[in-house]
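What follows is one structure encoded as structure tokens, with my remarks underneath.
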Amino acid sequence: MAAIKDYRKAGDAIDARQAAELTKSAERHLVQPWPTAGAIGNEARGLIASGEGVYVTDETGAKLIDGPAGMWCVNVGHRREELASVMYDQAMALSYNSPWYTMSEPSALLAERIAGHAPGDLDHVFFTTGGSSAVESALRFMQFYNNVRGRPDKKKIVSREGAYHGSTYLSASLNGRPRDRDWMDGADELVIKLSCPDPFRRPQGMSVKEFTDSLVAEFRETVERVGADKIGAFVGEPVMASGGVIVPPDGYLQRMAEICRENDILYISDEVVTAFGRMGHVFASEKVFGIQPDIITFAKGVTSGYFPLGGMVVSARLFDELRRSNHPDAMYAHGLTYSSHPVGCAVALRNLDILEGGLLAQAREIAPYFMDRLKTLEDLPLVGEVRGKGLMACVDCVADRESRNPLRLDTEVGQRIDRHCHELGLLVRPLINMCVMSPPLVITREQIDRMAAILREGISRTMDDLRREGLWEG
């Protein structure tokens, strides 16, 4: 361990012996997220040794652009000394306090600052440990809210195909990607799934306007069929991140929110990915998408991944209604040992300083260039569409552009591209036939140019592979 500490200080690569030992340790003891049954408990993944700015370094010493910013989260970049320092300072002042009986200075200050950025009357902040627990908290709050208001049947949750909302039981029940649920159970009796708002894969011959109208009509018909007295919440990401950076058609979210208002259905905007700079603002719901939710969930970029933290911001109206109820002793019996963790809240305060100090504006300024450069990849025959918003993008690969079908013959095309890009100096996030990118907000134009060039070469090499193996004729 001492050797690894020395390596990290020096910035050198872990030597081959250390890398081999770490691989063996992982294979013997470390269970990775989302393992397959054939590899569970016996798996080692690629080793990342260090990071700085938009780059990470692997065990061989190769320097790679961190295309996914970790997991949509390292918004201010790696190795920010001011964030590392505030963790140390806060831990030396107060490392932990129980949120059941006490509070800390950082948690009170952070709640006030987050509420100041939230739209409308979203004035109340509940802190969690991450995105899954944030969404879970919002769903349990909806249940509590309706119980207190004497509406015990108003508990159904509307989600969408292609969505991803977390890994806890309720939050995972909302997920709309088949592979998320193929072998896992969920609260299916509580969840209603609507169609994915993906304009790229709308029915042949249907205009975007007609597609949008059909999506809205589907929701309205669902409310009429199930009953507004049975539906407690609609949960939606402004941009469906892990579903492939699905940007909904213009006006779609506003019209969905209008149906929620008409039927007293809580609109929960899942901004775990889109908040804290990814769209150039602390929150994107109102400023980018023109919606006023009842609850916003957040995580990831709130600390830029330096410390686990998440939360939800809740409308003051909902709290006022609870306080006016005939059940003053009713308890929202929900919380986490690490809710409002003082170290996490201190990191988030400093992270906000960095974002507010010019990085939000920089992200808004560079986002169009980011999309323009990646859009040039659409001249490659394997690429069906490059889409995105802010500093989020997806390269969607297809067998042929006319049918817009993903590559069914090779479900690992995204992983093939990622492997080639890794060799060339870029990490991407592979999702079956797609590659997703959401780089740190500190990325420069030159680094974006390099990113696009590596992607072009990685996709070109993948096309050669698929042709050579007889899996694609493009």
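The values are calculated or read from the model by the stated rules, or taken from the named source; none is laboratory data. Since the model is a prediction, treat every value here as computed from it, not as a measurement. Because the Cβ atoms are built from the backbone with ideal geometry, glycine has one as well, and the counts that use them run over all protein chains shown.
Can you spot a residue in the stretch 172-183 that is touching a residue at least 24 places away in the same chain (Cβ under 8 Å), crowded, with 23+ Cβ neighbours inside 10 Å, within 18 Å of the chain's Cα centre (by Cα) and outside any helix (DSSP H, G or I)?
Scanning the stretch 172-183, I find at least one residue that is touching a residue at least 24 places away in the same chain (Cβ under 8 Å), crowded, with 23+ Cβ neighbours inside 10 Å, within 18 Å of the chain's Cα centre (by Cα) and outside any helix (DSSP H, G or I), so the answer is yes.
So the check is Cβ under 7 Å with 6+ separation or different chains; which pairs have a first residue in the stretch 225-254 that's over 26 Å from Gly131 (Cβ atoms) and a second one that's modelled with pLDDT of 95 or more and of a type in the set (Ser, Thr, Tyr)?
Gly251/Thr212
Quick one: Ile192 ticks every box in (1) more than 25 Å from Thr129 (Cα to Cα); (2) crowded, with 17+ Cβ neighbours inside 10 Å; (3) touching a residue at least 40 places away in the same chain (Cβ under 8 Å) except a single one, so which number is it?
(3)
Which residue, of Asn75, Asn42, is touching a helix residue (DSSP H, G or I) at 6+ places or on another chain (Cβ under 6 Å), part of a loop (DSSP other than H, G, I, E, B) and more than 18 Å from Ile443 (Cβ to Cβ)? I'd like the intermediate steps shown before the answer.
Values: Asn75 fails: more than 18 Å from Ile443 (Cβ to Cβ).
Residue meeting the stated conditions: Asn42.
Does the stretch 209-216 include one or more residues that are of a type in the set (S, T, N, Q), more than 30 Å from Glu378 (Cα to Cα) and in contact with a helix residue (DSSP H, G or I) (Cβ under 9 Å, 6 or more places away or on another chain)? Before the answer, list the steps.
Looking only at the stretch 209-216, we keep the residues that are of a type in the set (S, T, N, Q), and these are 212, 214.
In the following step, the residues that additionally are more than 30 Å from Glu378 (Cα to Cα) were identified as none.
No, that holds for no residue.
Just one of (1) surrounded by 16 or more Cβ atoms within 10 Å (Cβ to Cβ); (2) in contact (Cβ under 8 Å) with a residue 60 or more places away in the chain; (3) of a type outside the set (A, V, I, L, M, F, W, C) trips up Asp153, so point out which.
(1)
Can you list residue pairs whose Cβ atoms sit under 8 Å apart, with the first residue in the stretch 37-52 being free of Cβ contacts under 8 Å to residues at least 12 places away in the same chain and assigned by TED's automatic domain parsing to the domain that holds Thr444 and the second being loosely packed, with under 15 Cβ neighbours inside 10 Å and of a type in the set (Val, Ile, Thr)? Count only pairs 6 or more apart in sequence or on different chains.
Filtered contacts from the stretch 37-52: Ile40/Val31; Gly41/Val31.
Name every residue in the stretch 51-72 that is small (Gly, Ala, Ser), outside any helix (DSSP H, G or I) and in contact with a Pro (Cβ under 9 Å, 6 or more places away or on another chain), in order of residue number.
Within the stretch 51-72, the first condition is being small (Gly, Ala, Ser), and the residues that meet it are 51, 53, 61-62, 67, 69-70.
Still in the list and also outside any helix (DSSP H, G or I): 51, 53, 61-62, 67.
Hits for the stretch 51-72 are Gly53, Gly67.
Within the stretch 261-282, can you find the residues that are hydrophobic (A, V, I, L, M, F, W, C) and surrounded by 24 or more Cβ atoms within 10 Å (Cβ to Cβ)? Outline the logic, then answer.
So the first thing to find is which residues in the stretch 261-282 are hydrophobic (A, V, I, L, M, F, W, C), and the list is 265-266, 268, 272-273, 275-276, 279, 282.
Listed by number, the residues that qualify are Ile265, Leu266, Ile268, Val272, Val273, Ala275, Phe276, Met279.
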